[in-house]
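What follows draws every value from the coordinates through simple rules; no lab data is involved. Keep in mind the model is a prediction, meaning the values are calculated, not measured. Methodologically, a virtual Cβ is constructed for each residue, glycine included, from the backbone with ideal geometry; neighbour enumeration extends over all protein chains shown.
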Amino acid sequence: MSEYGVQEDYDYYEEDVPRRRKPKERRGLPLWPLLVIVLLILIVLVSLRNPFAPSPEPTVEIVPTLTPVPPTLPPLPTATPTPFPTPTPTPTVPTKITVGGYVKVVGAEADQLSYRSGPGLNYARLTLLKDGTILKVLDGPEEADGYTWWRLEDEDGFIGWAADDWLEPTVP
């Protein structure tokens, strides 16, 4: 239609107008890359000459030989020394307290011995030790409040200080 609303006639028919064909839509990837990959895989497999075939086992032939053996004589009897028992040394109980030695709590009885955080009566009481408790001596002696104090460690690794009036040297 023209701008005046009149339909214009043309001198040609639709058949005369050359038409362009729509190209076909392709879906997915082209096939040639897939064919190239398959061909490469086949070439590799053929060049490997069947790597999965077992290799032939080498054969071992055992040939027996005769080796002369000299006659064996029975051993001559020998005297076996009788072992003497080695005496076990009895540990000697030390006579005084030393660093690296051990002590035992004695004479504290029902009151028990105060195990303190430092060498003196003003230090906090950590716990009470019963008679017979064995402790390792780590440090000391230190004098304070009229007592001689030793830094000790119990069997659980707990460290504290105690006065030697209630300690006696002993073996572990």
When every residue in region 131-172 that is touching a residue at least 60 places away in the same chain (Cβ under 8 Å) and not in a loop (DSSP other than H, G, I, E, B) is compared, the one surrounded by the fewest Cβ atoms within 10 Å (Cβ to Cβ) is E168
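Residues are listed down the side, and each one gets a yes or a no for (1) of a type in the set (V, I, T); (2) assigned to a loop (DSSP other than H, G, I, E, B); (3) touching a strand residue (DSSP E or B) at 6+ places or on another chain (Cβ under 7 Å); (4) more than 22 Å from D139 (Cβ to Cβ):
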| position | (1), (2), (3), (4) |
| --- | --- |
| T59 | yes, yes, no, yes |
| V63 | yes, yes, no, yes |
| L66 | no, yes, no, yes |
| T72 | yes, yes, no, yes |
| P77 | no, yes, no, yes |
| T80 | yes, yes, no, yes |
| P89 | no, yes, no, yes |
| P94 | no, yes, yes, no |
| G107 | no, yes, no, yes |
How many residues of region 112-125 are in contact with a Ser or Thr (Cβ under 6 Å, 6 or more places away or on another chain) and hydrophobic (A, V, I, L, M, F, W, C)? The answer is 1
Note on region 85-103: residues touching an Asp or Glu at 6+ places or on another chain (Cβ under 8 Å) and surrounded by fewer than 17 Cβ atoms within 10 Å (Cβ to Cβ) are V99
If we ask which residues in region 116-130 are of a type in the set (A, V, I, L, M, F, W, C) and not in a strand (DSSP E or B), their number turns out to be 2
